[in-house]
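The values are calculated or read from the model by the stated rules, or taken from the named source; none is laboratory data. None of these values were measured; they are calculated from a predicted model. Cβ atoms come from the backbone with ideal geometry, glycine included; neighbour counts cover every protein chain shown. Heads up: the accessible areas ignore ligands, DNA and RNA and are worked out on the full protein's heavy atoms, side chains in. Shrake-Rupley method; radii C 1.70, N 1.55, O 1.52, S 1.80 Å.
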Amino acid sequence: MSILTLKNICKTYGKGNAKVNALNNIDLDVNKGELIAIMGPSGCGKSTLLNILGCIDTPDSGSYFLDGQDVDFKKINGLSDVRNHKVSFVFQNFALIKEFTVMDNVLLPLKFRKTSKKQRTDTASKYLKELDIWSLRKKHINELSGGQQQRVAISRALCQETEIILADEPTGALDEENSKKIMDIFCSLNKKLNKTIIIVTHNPIVADYCDRTLHMKDGRWIDK
Ligand SMILES: Nc1ncnc2c1ncn2[C@@H]1O[C@H](COP(=O)(O)OP(=O)(O)OP(=O)(O)O)[C@@H](O)[C@H]1O
Ligand SMILES: [Mg+2]
């Protein structure tokens, strides 16, 4: 059963001579419970595509069906609902709030849930421990290494416990051991809880963990 379907998605940035065709008529069909890697050279459109799937950016044309629903990119409120409840996102640049502690960053997206403060803290703690950064929970983001920040960004996404996880180069700042640990966690969420996970990566070892790998170039699939 399809959980994510894109049809003819196009996205350009800029105008005139500065115009960039970031995505050219992209189709995509992802089944529930798939673990997918997207690879391709820098600038080929991978983040643009993931941002549209996460309703963080809007396409110029084309359609997007998420869990059977036609996503209306004109409805800002509807999209924040998608962002808060259906899809969690690991940003390529982490997008952490520098002035907040690790714990407060991870708790932030849970604030709008109808759960108790204790439940939210327990959930955040569970993932901080799983990613070996529990001891850093009271530190501020600017006191952390790049790899530690990346693990905070991943914890923040995982503790939302959504059906769909989109991760933009989630191991880009990590050493081999931590990269394997992250992929083991993603695989376990995929196999045990049937989560649908899409990972953008430059790392073939990461792609090897996935059910299928899609290759992109110049805003198009090259293996379709
Ligand atoms: N906000 C923006 N304004 C203008 N151009 C943009 C913007 N975002 C992306 N682009 C351009 O769109 C193209 C696709 O960018 P995108 O970030 O999707 O690439 P990517 O495949 O994720 O690259 P990388 O592997 O380096 O992260 C690039 O040519 C980029 O310069
Ligand atoms: Mg990118």
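Worth pointing out:
- Of all residues making up the stretch 1-41, the number that are among the polar types (S, T, N, Q) and touching a residue at least 60 places away in the same chain (Cβ under 8 Å): 6
Yes/no per residue for (1) surrounded by fewer than 19 Cβ atoms within 10 Å (Cβ to Cβ); (2) within 16 Å of ligand 2 (Cβ to nearest atom); (3) closer than 21 Å to THR171 by Cα:
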{"residue": "CYS55", "(1), (2), (3)": "no, no, no"}
{"residue": "GLN69", "(1), (2), (3)": "yes, no, no"}
{"residue": "ARG83", "(1), (2), (3)": "yes, no, no"}
{"residue": "MET103", "(1), (2), (3)": "no, no, yes"}
{"residue": "THR123", "(1), (2), (3)": "no, no, no"}
{"residue": "LEU136", "(1), (2), (3)": "no, no, yes"}
{"residue": "SER145", "(1), (2), (3)": "yes, no, yes"}
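- Selection status of ALA167, out of contact with any Phe, Trp or Tyr (no Cβ under 8 Å at 6 or more places or on another chain), within 16 Å of ligand 1 (Cβ to nearest atom) and under 17 Å from ILE36 (Cβ atoms): no
- Helices (runs of 4 or more DSSP H) fully within the stretch 116-206 counting 3 or more residues that are farther than 21 Å from LEU96 by Cβ and among the hydrophobic types (A, V, I, L, M, F, W, C): 176-193
- Selection status of ILE222, among the aliphatic types (A, V, I, L, M), open to solvent by 70 Å² or more (accessible area, probe 1.4 Å), within 16 Å of ligand 1 (Cβ to nearest atom) and farther than 29 Å from HIS85 by Cβ: yes
- Checked against (1) under 25 Å from THR121 (Cα atoms); (2) in a strand (DSSP E or B), HIS215 passes all but a single condition, namely (1).
- Tally of residues being open to solvent by 10 Å² or more (accessible area, probe 1.4 Å) and either in contact with a helix residue (DSSP H, G or I) (Cβ under 6 Å, 6 or more places away or on another chain) or within 16 Å of ligand 2 (Cβ to nearest atom) (or both) across the stretch 179-206: 3
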